[in-house]
Number of protein chains: 2
Amino acid sequence: MASTDKPDIEASKSEASLPPPPPPPPKRVDYFAVDVALRVLLFAATLTAVVVMSTAKQTEDASVPGLPFRVPVEAKFNHSPAFIYLVAALSVACLYSIITTLASLGVIAKPIYATQFLLYYTIWDVVLLGIVAAATGTAGGVAYIGLKGNSHTGWIKICNVYDKFCRHVGSAVGLSLFASILLVLLVSLSVFSLHSRIRT
Amino acid sequence: MASTDKPDIEASKSEASLPPPPPPPPKRVDYFAVDVALRVLLFAATLTAVVVMSTAKQTEDASVPGLPFRVPVEAKFNHSPAFIYLVAALSVACLYSIITTLASLGVIAKPIYATQFLLYYTIWDVVLLGIVAAATGTAGGVAYIGLKGNSHTGWIKICNVYDKFCRHVGSAVGLSLFASILLVLLVSLSVFSLHSRIRT
């Protein structure tokens, strides 16, 4: 082995006048596998929330002003614009998660596009976060009135009657909050990944 | 093609002993001046929204169940948890905008810390965006019920009586939406700035 190594050492000495080797490429932290996992989770959470909210339906006997007897009254999610907005926002987020999961898989296959994708991903993720967080707040605020009522404005609580309906709404709002947190994590991941690509 | 390529290859071989010229420094787009301007705007928007919401107070004669005559009833922002949440979130955003404006001015003075600051800025901006967007949605959802009511649940509208109060609430929600958009722009700016620092 030693006899075969010697010529190499001499050769390297003679190469000392040559330019120094280029610096090693920076350690790139891509986390694209984590990114795909989070996006699949986002898909699952938003799809579940849309299904749970869409199936929120309950019919109970309730007293209606002007009628002396109790009549069956149905509670559905599309009776409130806030819940319609939540379903719309979560549907958009669900579709977006499918598209970006496929794009992330494409980036894993061809890493040359990673930097550009990270830029566009982050900005779209932030816009989606704004939409989903606002929808979560809207539905949560209306659901809270349904749960507790508001004595100052005379808005009565309805969750003591429509218990199953309220459980559906509460679950959908909780899942939507989880989706918002996932989007915050996705943006942070992309920003960390971009930051790790900067040569200091 | 083969005959024209040969001289180029020989020329490159003769230059191989020389060190390659250092790569040009990357074109850094910092936009820190725009960043400071947006943060000052965020401060102004959140402070105005907090003041407008805190001064939302109106007393009107209203009929109260159980009393045969109309009594003066006061509407205040702290009668609804949604509006309290909006004031709290906007106060946090206001304080945050002061701190980060000063930090941005510090980065303009000492640009060596810019990359680290951009990383932390972006992540905190995203968290703040989630909080402010959710608060905007919550207050907006409750304000919409006050404006339009909900016939399905029997929640009556109150904005036909408390017009000044509702104008204050609407203005605060609008300013809060503007603050959310500013935060989206701030995150996009930081991400663009980070992206421009990557040597491709």
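The values are calculated or read from the model by the stated rules, or taken from the named source; none is laboratory data. The model shown is predicted, which means the values in this text are computed figures rather than measured ones. We place every Cβ from the backbone using ideal geometry, glycine too, and count neighbours over all the protein chains shown.
Quick notes
- Residues that are in contact (Cβ under 8 Å) with a residue 60 or more places away in the chain and facing another protein chain (nearest Cβ under 7 Å) within the stretch A:110-124 comprise A:115, A:119, A:122, listed in sequence order.
- Just one of the listed residues (A:127, A:132, A:107, A:73) is within 28 Å of residue A:32 (Cα to Cα), facing chain B (nearest Cβ under 10 Å) and crowded, with 18+ Cβ neighbours inside 10 Å, and it is A:132.
- None of A:113, A:120, A:144 is aromatic (Phe, Trp, Tyr), closer than 21 Å to residue B:143 by Cβ, more than 15 Å from the chain's Cα centre (by Cα) and in a helix (DSSP H, G or I) except A:144.
- Residue pairs whose Cβ atoms lie under 8 Å apart, separated by 6 or more positions or on different chains, with the first residue in the stretch B:46-63 and under 14 Å from residue B:173 (Cα atoms) and the second part of a strand (DSSP E or B), are B:56/B:75; B:56/B:76.
- Residue-level check: of (1) surrounded by 15 or more Cβ atoms within 10 Å (Cβ to Cβ); (2) at pLDDT below 95; (3) not charged (D, E, K, R), residue A:43 misses just (2).
- Test: residue in the stretch B:170-193 that is free of Cβ contacts under 8 Å to residues at least 60 places away in the same chain, surrounded by 17 or more Cβ atoms within 10 Å (Cβ to Cβ), under 30 Å from residue A:59 (Cβ atoms) and within 7 Å of chain A (Cβ to nearest Cβ): no
- Just one of the numbered conditions (1) free of Cβ contacts under 8 Å to residues at least 60 places away in the same chain; (2) surrounded by 17 or more Cβ atoms within 10 Å (Cβ to Cβ); (3) more than 9 Å from chain A (Cβ to nearest Cβ); (4) farther than 24 Å from residue A:133 by Cβ is not true of residue B:153: (3).
- Given (1) within 26 Å of residue B:183 (Cβ to Cβ); (2) away from chain A (no Cβ under 12 Å); (3) at pLDDT 90 or above, index of the condition residue B:164 fails: (1)
- The one condition in (1) crowded, with 22+ Cβ neighbours inside 10 Å; (2) under 30 Å from residue A:78 (Cβ atoms) that residue B:122 fails to fulfil: (2)
- Flag for residue A:142 being closer than 20 Å to residue B:135 by Cβ, within 11 Å of chain B (Cβ to nearest Cβ) and either charged (D, E, K, R) or buried (at least 24 other Cβ atoms within 10 Å of the Cβ) (or both): yes
- Considering residues of the stretch A:46-70 that are at pLDDT below 80 and either within 30 Å of residue A:93 (Cβ to Cβ) or part of a loop (DSSP other than H, G, I, E, B) (or both) only, the residue farthest from the chain's Cα centre (by Cα): A:68
- Of the criteria (1) surrounded by fewer than 18 Cβ atoms within 10 Å (Cβ to Cβ); (2) at the interface with another protein chain (Cβ under 9 Å from one of its Cβ atoms); (3) not β-branched (Val, Ile, Thr), which one residue B:85 fails: (1)
- Checked against (1) closer than 30 Å to residue B:197 by Cα; (2) under 21 Å from the mean Cα position of the chain (by Cα), residue A:198 passes all but a single condition, namely (2).
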